[in-house]
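So the structure is just underneath, and the comments pick up after that.
The values are calculated or read from the model by the stated rules, or taken from the named source; none is laboratory data. In this text the structure is predicted, and so the values were computed from the model without any measurement. With ideal geometry, Cβ positions are generated from the backbone for all residues, glycine too; neighbour counts draw on all protein chains shown.
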Amino acid sequence: MAIAALSCCFRPAVLSADETAASATATTGAADQDLPLKGKGLYAHYCSHCHGFNMINPGTVTFDLRRFPHDQKDRFVFSVTNGKNGRMPPWGGVLNRDDIDALWAYVLTEGRM
């Protein structure tokens, strides 16, 4: 009964993109503090020509990555690794898991860095 009473008082915090990215880098350790920055560079090289510079695109042909659900990293990794619907090429042979993790850290910023 006491647990039920307390559970109504504790709700998950809704974080901004900056707070989410900061949280992601804080939990990965000091060595990965520059992960979103690395991801931004990888994004500019591999992704921006389809998804738009700083993730700004009309969202009509390619997915607007600023709207990618922050709780679906596995979906992101799968799509980047294996491609998507025959329109997005598979990047698993080009990008390693660390690169994809860096891209994810950048996606969490919604292009605001």
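Which residue is farthest from Ala102 (Cα to Cα), if the candidates are limited to segment 44-67 and must be aromatic (Phe, Trp, Tyr) and modelled with pLDDT under 95? Within segment 44-67, the match that is farthest from Ala102 (Cα to Cα) is Phe63. With the condition kept exactly as written, say whether any residue in segment 86-99 is buried (at least 17 other Cβ atoms within 10 Å of the Cβ), in contact with a Ser or Thr (Cβ under 9 Å, 6 or more places away or on another chain) and within 15 Å of Gly41 (Cα to Cα). Taking every residue of segment 86-99 in turn, at least one turns out to be buried (at least 17 other Cβ atoms within 10 Å of the Cβ), in contact with a Ser or Thr (Cβ under 9 Å, 6 or more places away or on another chain) and within 15 Å of Gly41 (Cα to Cα). Highlighted here are the helices (runs of 4 or more DSSP H) found entirely within segment 28-113 that include at least 3 residues which are under 15 Å from the mean Cα position of the chain (by Cα), touching a residue at least 12 places away in the same chain (Cβ under 8 Å) and at negative phi: 35-46, 73-82, 97-108. Every test in (1) out of contact with any Leu (no Cβ under 7 Å at 6 or more places or on another chain); (2) farther than 16 Å from Glu110 by Cβ; (3) modelled with pLDDT under 75 is passed by Gly41 save one, and that test is (3).
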